[in-house]
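Q: Please read through the structure below; I'll follow up with questions.
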Amino acid sequence: MPKTTTEVLPANAGGIARAAQLLREGGLVAFPTETVYGLGADARNGEAVARIFEAKGRPRFNPLIVHLDDAAQARKIALFNDTAERLARAFWPGPLTLVLPLRPGAGLSALVSAGLETVALRVPEHPLAQALLKEFAGPVAAPSANVSGRISPTRAEHVLEGLGGRLEAVLDGGPCAVGLESTIIGLAPGPVLLRPGGLPVEVIEDCLGMPLGRGKEGAKPSAPGQLASHYAPQAAMRLNAEAAAPGELLLGFGEMACDLNLSPSGDLVEAAANLFHHLRQLDALGAGKIAVAPIPERGLGRAINDRLRRAAAPRPAS
Ligand code: TXA
Ligand code: MG
């Protein structure tokens with residue numbers, strides 16, 4: 001595809017105004033959310049949305065998450081049942097995506113929802129994402145701003161490494177606080193967990209007072225990593241490793257000898273925020289193989305383990 005110059009926009013009023021202008025012109029603008037950086041386009045502009053898939057090199061048209069500045073805007077696009085209302089009130093803005101029935105005549109490009117009758121909506125909390133969405137005053141479709149199948153970006157530099165020259169601008173907000181993609185709940189009708197993520201499942205189940213169903217892996221429509229291999233670093237991965245074997249670099253958790261540690265104190269929130277950046281750093285060190293210490297399967301540990309299992313899954317030939 002033709003190369004464009006990617007502007008790096010500062011986290012101030014000028015940067016936000018320029019980012020909104022580029023979106024209005026049908027451009028692609030990466031922006032920070034509290035989870036990961038998104039690759040944004042005007043969700044009503046089919047050509048702009050198509051360019052997202054082209055830039056990411058996505059093998060097919062996965063449906064995208066639409067970002068809004070508040071729940072009132074979201075209600076214009078989708079139909080909320082009582083459960084959806086409750087979750088939106090409790091957790092928006094925040095790292096939660098709801099898959100809801102699309103409201104007829106909502107005006108989105110059909111490519112956004114890949115022709116489905118449902119749509120994934122999210123109200124992010126990050127102040128820059130909020131400011132951009134308010135300034136743009138419309139729905140922004142945004143998948144994570146990485147090349148398809150690679151590690152999601154948690155810093156503006158990561159976006160430029162993967163997609164530089166393929167988007168008009170990146171709004172630089174520094175590192176993302178959560179560091180894992182949003183949790184996706186299906187509510188058509190649901191509630192089912194479609195992807196564990198930055199909001200722990202236990203917290204959602206507490207709010208609803210009931211266990212969540214589990215979305216069937218491989219069922220359509222899918223959350224990411226229907227492609228089993230996803231979020232992959234260059235290096236091969238070995239999970240639940242107590243120590244490094246010869247030729248491996250060890251990604252640790254908790255107090256231990258290792259090459260990089262997700263959280264020396266064993267804090268799952270800190271580990272989530274570090275996960276993607278640490279995997280990139282180990283790649284940059286030329287690790288042929290990355291061994292990863294066991295991560296407890298609770299709270300954000302579920303989402304971390306989900307991403308690690310996908311990173312370790314057999315890769316499609318490319
Ligand atoms: O934290 C996040 O969620 C980030 C930031 C940028 O918001 N976004 C993100 O987008 O992770 P993406 O495209 O990498 O993952 C969104 C996933 C897609 O893989 C898709 O399968 C699922 O959401 N999805 C979107 N629309 C859906 C729908 N109508 N039904 C089921 N799943 C859907
Ligand atoms: Mg993604």
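Q: Collect the residues in region 49-97 that are among the small types (G, A, S), over 24 Å from L111 (Cβ atoms) and open to solvent by less than 20 Å² (accessible area, probe 1.4 Å), keeping them in residue-number order.
A: Answer for region 49-97, where residues must be among the small types (G, A, S), over 24 Å from L111 (Cβ atoms) and open to solvent by less than 20 Å² (accessible area, probe 1.4 Å): A88, G94.
Q: Right, here's the next one. Exactly one condition in (1) in a strand (DSSP E or B); (2) under 16 Å from the mean Cα position of the chain (by Cα) is not met by G94; state its number.
A: Of everything listed in (1) in a strand (DSSP E or B); (2) under 16 Å from the mean Cα position of the chain (by Cα), G94 misses just condition (1).
Q: Before we move on, is F276 modelled with pLDDT of 85 or more, crowded, with 20+ Cβ neighbours inside 10 Å and within 16 Å of ligand 2 (Cβ to nearest atom)?
A: When the stated conditions are applied, F276 passes them.
Q: I'm told D206 meets every condition in (1) touching a residue at least 12 places away in the same chain (Cβ under 8 Å); (2) open to solvent by 30 Å² or more (accessible area, probe 1.4 Å) except one. Can you identify the failing condition by its number?
A: (1)
Q: Only residues in region 1-17 that are in a helix (DSSP H, G or I) count as the first member; pair them with residues that are modelled with pLDDT of 95 or more and small (G, A, S), Cβ under 7 angstrom, at least 6 apart or cross-chain, and list the lot.
A: Pairs found: I16/A131.
Q: Next question. Only one of (1) open to solvent by less than 60 Å² (accessible area, probe 1.4 Å); (2) among the hydrophobic types (A, V, I, L, M, F, W, C); (3) at pLDDT below 95 is not met by A110, so which one is it?
A: All conditions pass for A110, except number (1).
Q: Inside region 113-128, can you point out the residues that are more than 16 Å from ligand 2 (Cβ to nearest atom) and either open to solvent by 20 Å² or more (accessible area, probe 1.4 Å) or farther than 15 Å from L64 by Cα (or both)?
A: Within region 113-128, G115, L116, E117, T118, E125, H126, P127, L128 qualify.
The values are calculated or read from the model by the stated rules, or taken from the named source; none is laboratory data. Note that this is a predicted model, so its numbers are computed, not measured. Here Cβ is always computed from backbone atoms with ideal geometry, including for glycine, and neighbour counts include all displayed protein chains. Keep in mind that these areas ignore ligands, DNA and RNA; they rest on the heavy atoms of the full protein, side chains included. Shrake-Rupley method; radii C 1.70, N 1.55, O 1.52, S 1.80 Å.
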